[in-house]
Structures are given as C-alpha cells and as structure tokens.
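S.K.: Sharing a structure below in structure tokens format, with a few things to ask.
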Amino acid sequence: MLLKANRIIDIHPNNILAGVEDVSVLTILERDELSSPSPRKQDGDRIIYLSRPMFLTDGEPLLSDLGEARLGQSHKGTIMPSLYRAPEVILGLDWNNKVDIWGFGQTIWTIFQGSHVFRSENMGELDKMQRFAEMTSCLGSPPQEFRNRSPECADYWDENGNWRGSVSIHGQSLELREKQLDGEEKEQFLRLMRKMLAWPPEERPSAEELLYDEWIRGNDY
C-alpha cells in the first residue's frame, strides 16, 4: 500500500510522474525539441524552460517529490498546495493522514475531469472565504461537530450551519461540474468523491477501503 497508516505523503498532481513503457516516445520528444525548441527565459545565471507536453502513456504512475512527507499520527501547520488543501489544514487544526485522502480525491477529479474541483485562488494565494463558499455549495455545510473544532468557522457559518460569509454561494454542485460520465457510473463517481471529500477527516475512507470502491473497481469485479 502506498498510503500507509501514520504516513502523510502529500498527494497532488504535481507529485505524480507518468510511467513510460514504450521509450520510443522519448526519442520523439527529443526530436521535437531539437526541431522546435521550447520557450525559455534567462533568470540570472539560470535558463528556465517551459515544459513540453507529454504523450499519454501506458506506464504505471509513480509518486515523487516526497519532501513534505510526514511520519506520525498528528501534525499542525501548512501542507499541500492551496488548490488541494484539506479544510482542517485551512482552518489551522491538527491533521493526520486523511489529508492524503482529500488530496487524492481532488487529484482523481483533476486528472479525470481536466479541471479543479475548487478554483478559489487569487494570484496564486488561497481565498479562504471563496474556497469555503465553493465547498459549501458543492458539498453542503460542515456538520456542527466539525464547526465546533475552530472558532474561525463562525466567520463562515452560523450556529445552524447556514452560510454567512461575505461571498455569495452560486448554484454550484458536483453534479454540474462533472462532465465526463452519465447514468450509474456518474453516480458511483460522485459517491466516491463525496466520501473522499468529507468535511470531518475521520469520515473519509482509508486507502485500503478505497480499493473496494465500486467506481475504482469497475465492472470487472
């Protein structure tokens, strides 16, 4: 199991490498780079290159860049890029390896849908009010027990869980944002997303439990 108890790996698309079984695609990339070099710029004594798009490959994906990986049951502080940050991290609460389940859920969405579940960034910085407005619209309000964990929640929801933030909640939903599926397969996918993106981290499934999810297993089981 890549996601083991007591380990936080910090999963998001930037940390996933595409495996390559047919290495001939690398020769094609090399030839294309020679004939049509990628854009680049000079920054002091460094040359920064724009990444060249990679072909879709059949190789196994690989997790990389584990510089933020942690050991232990409980941590505090910032982890994960802002687009993939779990709500307990945003609120400054203690967090554990369930942040990886949240990040993995958003990663599945990003790769499969070609867009982010939540998009609330302002010049690369997380807009907390907008993020919680989006999450409330798509996932519903967090349960009272979760709201009680941080006094900051009172800035976003009243004592009954109604949205009170300064950003209006638009008619957003996971159903409207999901564009690739229909019918029962769409319902299975959205059930998976709601499990992985549960507000309380303890309600998110473990990595082992995800192996038995109906959408992940598909129709072959």
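The values are calculated or read from the model by the stated rules, or taken from the named source; none is laboratory data. Bear in mind the structure is a predicted one, so any value in this text is a computation, not a measurement. Cβ coordinates were reconstructed from backbone atoms using ideal geometry, including for glycine residues, and neighbour counts include every protein chain displayed. Ligands, DNA and RNA are stripped out before the accessible areas are found, and what is left, the full protein with its side chains, is counted by its heavy atoms. Shrake-Rupley method; radii C 1.70, N 1.55, O 1.52, S 1.80 Å.
S.K.: Go through (1) under 21 Å from Met129 (Cα atoms); (2) out of contact with any strand residue (DSSP E or B) (no Cβ under 8 Å at 6 or more places or on another chain); (3) hydroxyl-bearing (Ser, Thr, Tyr) for Tyr156 and report which single condition fails.
M.R.: Here Tyr156 clears every test but (2).
S.K.: Next question, about the same structure. Scan the stretch 186-202 and report the pairs whose first residue is in the same structural domain as Trp109 (by the TED database) and whose second residue is among the β-branched types (Val, Ile, Thr) and open to solvent by less than 10 Å² (accessible area, probe 1.4 Å), with Cβ atoms within less than 6 Å and a gap of 6+ or a chain change.
M.R.: Partner pairs satisfying both residue conditions: Met196/Ile101.
S.K.: Within the stretch 129-142, how many residues are surrounded by fewer than 19 Cβ atoms within 10 Å (Cβ to Cβ) and in contact with an Asp or Glu (Cβ under 9 Å, 6 or more places away or on another chain)?
M.R.: 2
S.K.: Could you tell me how many of the residues in the stretch 160-208 are open to solvent by 50 Å² or more (accessible area, probe 1.4 Å) and outside any helix (DSSP H, G or I)?
M.R.: Residues flagged as open to solvent by 50 Å² or more (accessible area, probe 1.4 Å) and outside any helix (DSSP H, G or I) within the stretch 160-208 amount to 12.
S.K.: Same structure, new question: Any chance the stretch 164-171 includes a residue that's at negative phi, within 20 Å of the chain's Cα centre (by Cα) and without any contact (Cβ under 8 Å) to a residue 60 or more places away in the chain? Please lay out each step first, then the result.
M.R.: Initial filter on the stretch 164-171 (at negative phi): 164-171.
Narrowing the set further to residues that are within 20 Å of the chain's Cα centre (by Cα) leaves none.
Within the stretch 164-171, none of the residues are at negative phi, within 20 Å of the chain's Cα centre (by Cα) and without any contact (Cβ under 8 Å) to a residue 60 or more places away in the chain.
S.K.: Does Phe146 satisfy being modelled with pLDDT of 90 or more and crowded, with 17+ Cβ neighbours inside 10 Å? First the steps, then the outcome.
M.R.: Numbers: modelled with pLDDT of 90 or more: yes; crowded, with 17+ Cβ neighbours inside 10 Å: yes.
For Phe146, the condition - modelled with pLDDT of 90 or more and crowded, with 17+ Cβ neighbours inside 10 Å - is met.
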